[in-house]
Amino acid sequence: MKTVSINKETANREWLVVDLEGQTVGRAAARIAAVLRGKHKPSYTPHADAGDFVVAINCDKVVFTGNKLQDKLYYRHSHHPGGLTEMTAGQMLDRHPERVMMLAVKGMLPKNHLGREMLKKFKVYTGAEHPHAAQQPKVLELA
């Protein structure tokens, strides 16, 4: 028997939609990152992007546990002197809810070119509507 190694061209990709309403940020991000990497498939290949596309809806209704809404800080820098800006998780969830999930999933993917390619397959939307109905996404259960 020969070992089959999947590459980007031969990967069988699906579109999955996940409803994040009432889900914990870290637990949802860990499951989504595993699906983006393709670890849920028997043909998982660590050095190739063989994961599925994931569409996340209702990201404005995710939940933080404990005191993370007040204590967790998000940082960004404008690349100018004194340009460091910090925002609490509560402020970030109010202003940019899609960025909360994007950063959580990004932190759980590989920190290289392959991880950046995997992150492009992750689509995040605040409401229940998304423009990917033509791809006929299947429902992904997180729990």
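The values are calculated or read from the model by the stated rules, or taken from the named source; none is laboratory data. Fair warning: this is a prediction, and the values are worked out from it, not measured in the lab. Every residue, glycine among them, receives a Cβ derived from its backbone with ideal geometry; neighbour counts consider all protein chains shown.
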Original post:
Is there a residue being in contact with a Lys or Arg (Cβ under 6 Å, 6 or more places away or on another chain), among the charged types (D, E, K, R) and at pLDDT 95 or above anywhere in the stretch 28-41?
Top reply: no
Original post:
In the stretch 80-127, how many residues are more than 21 Å from D52 (Cβ to Cβ) and among the aliphatic types (A, V, I, L, M)?
Top reply: 6
**OP:** Within the stretch 95-108, identify whether any single residue is more than 19 Å from A30 (Cβ to Cβ) and part of a loop (DSSP other than H, G, I, E, B), and answer yes or no.
**Re:** yes
Subject >> All positions within the stretch 36-90 that are among the small types (G, A, S) and buried (at least 16 other Cβ atoms within 10 Å of the Cβ) >> reply: G38, A48, A50, G51, A56, A89
Subject >> Conditions (1) free of Cβ contacts under 8 Å to residues at least 40 places away in the same chain; (2) in contact with a Ser or Thr (Cβ under 8 Å, 6 or more places away or on another chain); (3) among the hydrophobic types (A, V, I, L, M, F, W, C); number of the one not met by C59 >> reply: (1)
Original post:
Can you tell me which residues in the stretch 65-85 are closer than 18 Å to T24 by Cβ and either in contact with a strand residue (DSSP E or B) (Cβ under 8 Å, 6 or more places away or on another chain) or modelled with pLDDT under 95 (or both)?
Top reply: T65, L69, Q70, D71, K72, Y74
Original post:
In the stretch 91-120, how many residues are closer than 19 Å to N58 by Cβ, in contact (Cβ under 8 Å) with a residue 40 or more places away in the chain and in contact with an Asp or Glu (Cβ under 7 Å, 6 or more places away or on another chain)?
Top reply: 0
Subject >> Leading residue by the ranking (nearest to M92 (Cα to Cα)) among those in the stretch 35-54 that are outside any loop (DSSP other than H, G, I, E, B) and either free of Cβ contacts under 8 Å to residues at least 60 places away in the same chain or in contact with a Phe, Trp or Tyr (Cβ under 7 Å, 6 or more places away or on another chain) (or both) >> reply: V54
Original post:
Only one of E117, E98 is in contact with a strand residue (DSSP E or B) (Cβ under 9 Å, 6 or more places away or on another chain) and either surrounded by 12 or more Cβ atoms within 10 Å (Cβ to Cβ) or at pLDDT 95 or above (or both); which?
Top reply: E98
Subject >> Number of the exception - H77 against (1) of a type outside the set (D, E); (2) without any contact (Cβ under 8 Å) to a residue 12 or more places away in the chain; (3) under 22 Å from H132 (Cα atoms) >> reply: (3)
**OP:** Give me a count of the residues in the stretch 109-143 that are under 21 Å from Y74 (Cβ atoms) and either assigned to a strand (DSSP E or B) or among the charged types (D, E, K, R) (or both).
**Re:** 5
